[in-house]
Structure formats: structure tokens, C-alpha cells
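The structure under discussion appears below in the form of C-alpha cells.
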Amino acid sequence: MNMWISRHLVVIWLHLLYLTEASPRYANGFYYQGAMNGDGNGEIFFSGVRLHVESPRLTVAAVQGSNATLPCHYRYVPEVHTPRRARVKWFRLPLTDGSPEEDVLVAIGTRHRSYGGFRGRVRLRRDAPGDASLVINSLNVDDIGLYRCEVIDGLEDESVTVGLEFRGVVFPFYSSRGRYQLNFHKAKQVCEEQGATLATFDQLFAAWEEGLDWCNAGWLADGTAQYPVSTPREACGGSDLAPGVRSYGPRHQHLERFDAFCFTASLRGTVYFLDPVPKVNFTEAVQACLDADSEIAKVGQLYAAWRFLGLDICDAGWLADGSVRYPITRPRPNCGPEKPGVRTFGYPPHHQKHGVYCYAPRW
Ligand SMILES: *[C@@H]1O[C@H](CO)[C@@H](O)[C@H](O)[C@H]1NC(C)=O
Ligand SMILES: *[C@@H]1O[C@H](CO)[C@@H](O)[C@H](O)[C@H]1NC(C)=O
């Protein structure tokens with residue numbers, strides 16, 4: 001009963017507004033979303049324009065330190081020809097229930113104001129009428145999350161949510177005991193130990209599109225074993241098969257053993273090469289990083305630094321899993337194959353002497 005009354009009061013009120021406005025045709029159309037309507041679906045369509053707010057992408061994947069654009073567009077149906085002053089508000093949804101949402105930017109006309117950690121780093125793109133896309137400069141890890149673009153025009157208030165995540169890199173991982181030693185559970189564990197997670201099929205597929213070619217099957221997060229081939233060859237499933245991600249399908253998670261495909265997002269912090277004189281064995285390498293207020297780098301951290309920060313060092317160093325590797329983004333003579341990549345020397349005996357890659361969890 002109460003609901004009935006309040007709904008109708010709103011309609012009457014809107015009617016009054018509409019009638020008192022000496023209006024160009026669309027200047028005062030309201031689309032009223034029945035907030036008082038129990039099921040949340042009731043909409044009272046009131047003669048006039050309806051505001052649509054849309055984003056072509058639900059998620060934007062970006063690289064730390066770069067600029068990201070979170071798309072958001074609004075339009076009126078039917079189209080309006082007189083300029084309207086819509087207010088655009090971007091805010092970030094709370095990461096945990098109960099904490100407040102965070103204001104990012106509010107814009108009216110050509111003026112805007114940014115807030116908190118976003119101050120001076122964000123603007124609206126405004127490439128075209130109705131473009132309310134948010135540009136965030138110099139992204140840092142804390143920027144990851146869900147953002148809502150809200151457009152307010154008169155009583156109309158519509159919004160859309162866009163996620164911001166960091167791009168990651170997929171890397172193959174095998175045990176120091178050799179190829180095909182990992183059951184599913186162990187594979188999950190070794191990825192985690194290397195600052196990563198088991199890759200999903202989509203992540204492996206994206207890596208294959210970027211050129212990953214690996215001729216040993218590895219576990220994926222869904223419990224299948226697959227491998228990506230960009231150059232078909234006899235030793236690798238046959239040279240007459242098309243390039244692609246080859247799947248062995250779901251495998252027995254305890255009894256069957258493969259390598260692993262791990263996924264790591266771009267990282268906060270710094271990976272650097274420590275070049276002790278004289279070179280160090282594995283035990284000394286771990287200590288050398290600690291002495292430098294760092295820790296010996298994990299494989300995932302080295303891959304992320306290679307992929308997203310362009311780390312390029314033609315010197316082999318110890319890593320936390322006891323492997324020896326080095327990252328190359330600009331291939332050149334004496335630094336491995338002609339393609340960029342993280343070169344690996346496998347797992348040499350721990351008494352061998354090398355440099356070491358350390359990781360410092362700061363910029
Ligand atoms: C990010 O945007 C700023 C200012 O618009 C520009 O100077 C800078 O080059 C951009 N950075 C990258 C990585 O594109
Ligand atoms: C590394 O060298 C130190 C001596 O500097 C020695 O105590 C340690 O056992 C060596 N570790 C390995 C794994 O060879």
C-alpha cells in the first residue's frame with residue numbers, strides 16, 4: 001500500500017515538473033528507476049529521453065607504470081541535439097565488504113576534480129560527445145580493482161562497472177628433478193612458490209598468441225595438460241598439424257605427471273642482478289640478497305620483470321628455485337637465441353658459482 005502511494009506520488013511530482021517546464025521537447029524527460037519498487041525491476045518510463053551508460057569492455061588489462069583507459073560512454077535515446085550538462089562521477093568499489101567506496105573523479109562540463117591517491121593522475125578522455133572514459137596515468141598495483149562510471153543527468157542516474165587488472169605472463173616450469181615430475185597438486189604448489197599461480201587456458205592461449213612455443217605438456221588450472229606450439233615440428237606432435245595449443249584433456253590429478261604453466265601478474269618492486277666478486281654458490285647467493293635488504297628472486301618475479309619492465313641482462317644468475325637464468329628483451333649475439341626470452345641453464349649443482357637475481361619489494 002505504502003509502495004503504491006509513494007510510486008504514484010513520484011509520478012505526479014514528475015508530471016508537475018514536466019508541465020511547469022516551458023520546454024524544448026526533450027529538455028525535461030525523466031527516466032525514473034523505481035527505487036521503492038520491491039523487486040528492483042519496476043521502471044516507470046516517463047515521456048522523454050532515456051540515458052544509457054555503457055562500456056565496451058568489462059575488464060581492462062594494463063601494465064604497471066603505464067597509462068590505462070577505462071571506457072565509459074553515455075548517450076540519450078532518442079538522441080538529443082541540445083548540449084546537456086551531465087555530471088560524471090568515477091569511483092572505485094570497496095575491496096572488502098563494509099569499507100567505503102573511494103572517489104576517483106567528478107566532472108561537470110569541462111571541469112573536473114580528482115581525489116586521494118588519484119589526484120593529478122586521472123582525467124576524462126572526452127574524445128567525443130558522451131565519452132566519459134577515465135584515463136589513469138602511471139598505474140601502480142594499488143590501482144587494481146573495480147571502477148564504476150556513474151552519469152547523472154537531472155534525475156537520471158545510470159552507471160557501468162569496469163575492472164582494472166594487470167597483465168601477466170605465462171611461463172613453463174619443470175621440477176629440478178627433471179621433466180614430467182609434477183602431479184597436479186605439486187604443480188599448483190611450485191607455481192605458488194615461484195610467486196605465481198597455475199595458468200588458465202585463456203592465459204596460456206594469450207601467451208601462445210604472443211609466441212610462446214613449448215614442447216612439453218604442462219598442467220593448467222582446470223586440471224588439463226596442454227602445450228602451446230607456434231612452429232609445428234615432428235618432435236612436437238607432428239609437423240603437419242597447425243600451430244595451436246595442444247591438449248591432452250583432463251588428466252588424473254594424483255597419478256599423472258607433467259610440467260606446469262604458471263601465470264604471474266606484473267609486479268611491485270624491483271628485480272636486479274647482483275654481481276658479486278667472486279661469484280657465489282647457491283647458499284651464498286641466498287645470503288648475498290639478504291645482505292642487500294632483498295631476497296633471492298623467484299622465477300615468476302624474473303619473468304614479470306622481463307616482460308613488463310623490460311629487464312635485459314646478459315648474465316646468468318641464481319634464482320630461488322635453484323635454477324640459473326637470465327632475461328633478454330633485446331636479443332644480440334652471445335645472449336642466446338634470436339627471440340626475446342628468459343634463458344635457462346636448468347638446475348646446476350648448488351656448488352657452482354654464478355651471479356644472483358635479487359628482488360626488493362619496493363620501487
Ligand atoms: C602517460 O600519459 C602521460 C600524460 O598524458 C604521457 O606523458 C606519458 O608518456 C604516458 N605514458 C605512457 C607509458 O604511455
Ligand atoms: C658455498 O660456499 C660456502 C663457503 O663459502 C660453503 O660453506 C657452503 O657449503 C657452499 N654451499 C654449497 C651448496 O656448495
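Throughout, read-outs are computed from the coordinates displayed, never taken from laboratory work. Nothing here was measured: the structure is a model prediction, and the numbers come from that model. Note that we place each Cβ from the backbone using ideal geometry, even for glycine, and neighbour counts take in every protein chain shown.
Laid out as a table, the results:
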{"read-out": "Centroid-to-centroid separation of region 292-316 and region 189-267 [C-alpha atoms, Å]", "value": "22 Å"}
{"read-out": "Residues LEU58 and THR283, FRET efficiency given R0 of 41 Å [Cβ-Cβ distance, rounded to 0.05]", "value": "0.30"}
{"read-out": "Label-point separation, THR96 to TYR248 (7 Å along Cα→Cβ), nm", "value": "4.1 nm"}
{"read-out": "For region 169-264, alpha-carbon Rg relative to the globular expectation (2.2 N^0.38 Å, N residues)", "value": "0.99"}
{"read-out": "Distance violations [Cα-Cα > 26 Å] among LYS188/LYS279; LYS186/LYS339; LYS298/LYS353", "value": "LYS188/LYS279; LYS186/LYS339"}
{"read-out": "Kyte-Doolittle mean at least -0.5, axial Cα span of 20 Å or more - DSSP H helices of the chain", "value": "2-20"}
{"read-out": "Under 14 Å from the ASN67 label point (7 Å along Cα→beta-carbon), backbone N, region 91-131", "value": "120-127"}
{"read-out": "Sequence-distant residues sharing a close amide H with CYS72 (under 5 Å, placed H)", "value": "ALA132, SER133, LEU134"}
{"read-out": "Quarter of Cα convex hull surface for region 116-201, i.e. mean projection, nm²", "value": "9.6 nm²"}
{"read-out": "Sum of side-chain charges, TYR357 neighbourhood, beta-carbon under 12 Å (Lys, Arg +1; Asp, Glu -1)", "value": "-2"}
{"read-out": "Amide N proximity, region 68-109 versus ASP127 label position 7 Å along Cα-to-Cβ, cut-off under 17 Å", "value": "68-75"}
{"read-out": "Chain lengthening between VAL77 and ARG330 when straightened (0.36 nm per residue, less Cα-Cα)", "value": "85.9 nm"}
{"read-out": "C-alpha center-to-center spacing [region 344-358, region 271-285] in angstrom", "value": "9 Å"}
{"read-out": "At most 16 other Cβ within 10 Å, DSSP loop - chymotrypsin sites (Phe, Trp or Tyr not before Pro), region 143-197", "value": "TYR180"}
{"read-out": "Values of log10 I(q)/I(0), in the order q = 0.19, 0.22, 0.23, 0.24 Å⁻¹, for region 269-361 under a Debye, Cα-only, solvent-free model", "value": "-0.79, -1.04, -1.13, -1.21"}
{"read-out": "Per residue convex hull volume, Cα atoms of region 50-166, in Å³", "value": "104 Å³"}
{"read-out": "Computed E for SER230/ARG268 - FRET, C-beta separation, R0 45 angstrom, nearest 0.05", "value": "0.90"}
{"read-out": "Relative contact order of region 269-361, pairs being alpha-carbon contacts under 8 Å that are 6 or more residues apart, as %", "value": "43 percent"}
{"read-out": "Residue-by-residue Karplus 3J(HN,Hα) for region 55-62, coefficients 6.51, -1.76, 1.60, Hz, glycine and proline x", "value": "9, x, 10, 7, 9, 10, 9, 9"}
{"read-out": "³J(HN,Hα) computed for each position of region 248-256 - Karplus, 6.51 cos²θ - 1.76 cosθ + 1.60, integer Hz, glycine/proline x", "value": "8, x, x, 10, 5, 6, 9, 8, 9"}
{"read-out": "Sorted largest first, extent of the chain alpha carbons per principal axis (Å)", "value": "88, 45, 40"}
